[in-house]
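Reviewing the structure listed below.
Any read-out appearing in this document is the output of simple, stated calculations on the displayed coordinates, not a laboratory observation. If you're wondering where the values come from, they're calculated on a predicted model, not measured in any experiment. Note that we place each Cβ from the backbone using ideal geometry, even for glycine, and neighbour counts take in every protein chain shown.
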Ligand code: NDP
């Protein structure tokens, strides 16, 4: 049997969007590698499910329901984890939405849909980063990993103006945070997942035509798994990636290779 590494033994981590998909895989893997993990998302009962899995395997975590789009909620959740454990070492800013039914081409996009996506994906990652970094700065440094998307740098997400803008914003924010905090012993990096088999992509599976269009360029010939993305997130967050600063690690089954 493969031995589980303990790269996060003694580390204190926050994962936003920890109740499903990529965030859940990150939280479970990080806990399995020894981290105490603060689990943030809006839905308490989904977070409790993740917590029971982690605790059932002997891990330690806190259930911290919060809406990442509301600064005071994220701040309180992150402060609770830091107060409980005496600081933080790792922050994974992952929570996001992709409301394909609301997003649209620019001239058809309602301001309310734009504001919802920007508030959740861009302001939400800013708030989690801001309050996470506050604790990393106050401690011995650490690592922040943001989750981006090809939509943030390539015009491939047709009809998704707000989502693409939000992820482009995260890329720019990640790069400047990497520069601003590197000399404080804090590494800021990003993972750019391709098309991953999570609840977020339920709408793709419901539309065979769209599914074919989106999956055709995937050289791997299949969707990625949350665990394949989590492997990259953990690597960037760990000391194994000690020379990575401002890196945008693409995990996309080859989409961007062609
Ligand atoms: P899922 O929809 O599977 O999970 C999203 C997670 O974010 C859930 O835990 C959800 O919990 C949480 N969340 C959503 N809105 C908020 C909010 N306002 N406050 C707090 N938590 C919130 O998504 P994925 O796992 O697929 O996506 C994770 C990240 O990866 C996102 O940033 C996404 O943009 C990015 N990504 C995903 C890709 C994919 O193909 N799946 C591709 C590229 C990037 P709750 O609803 O209870 O709050």
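The distance separating the Cα centre of the stretch 1-38 from that of the stretch 114-180 comes to 20 Å. Coordinate range of the alpha-carbon atoms in the chain per principal axis, descending: 49, 44, 38 Å.
Between the helical axis of 124-138 and the longest alpha-carbon principal axis of the chain there is an angle of about 20 degrees.
For the stretch 200-258, count all C-alpha to C-alpha pairs, find those more than 19 Å apart, and express that count as a whole percent of the total. Don't skip to the answer; put the middle values down first.
Details: 746 of 1711 pairs.
Cα-Cα pairs of the stretch 200-258 separated by over 19 Å account for 44 percent.
Largest GNM mean-square fluctuation across 71, 209, 160, computed for the chain with C-alpha springs under 10 Å, falls on 209. The C-alpha atoms of the chain define a longest principal axis, and helix 44-56 lies at about 50 degrees to it.
Size estimate for the stretch 144-242 follows the Kirkwood approach: the inverse of mean 1/r over distinct Cα pairs works out to 14.9 Å.
Label positions at residue 210 and residue 101, each projected 7 Å from the Cα along the C-beta direction, are separated by 1.1 nm.
With helices as the sole contributors, the chain gives -13000 deg cm²/dmol at 222 nm; each DSSP H run of n ≥ 4 counts as -39500 (n - 2.57), and the sum is divided by every residue. The GNM of the chain, with springs linking C-alpha atoms under 10 angstrom apart, assigns the highest mean-square fluctuation among 135, 107, 213 to 107. Taking 1 over the mean of 1/r across every pair of different Cα atoms in the stretch 81-232, what Kirkwood radius in Å do you get? One over the average 1/r among Cα pairs gives 16.6 Å for the stretch 81-232.
The angle between the Cα long axis of helix 161-181 and the main principal axis of the chain comes to about 30°, on a 0 to 90 degree scale.
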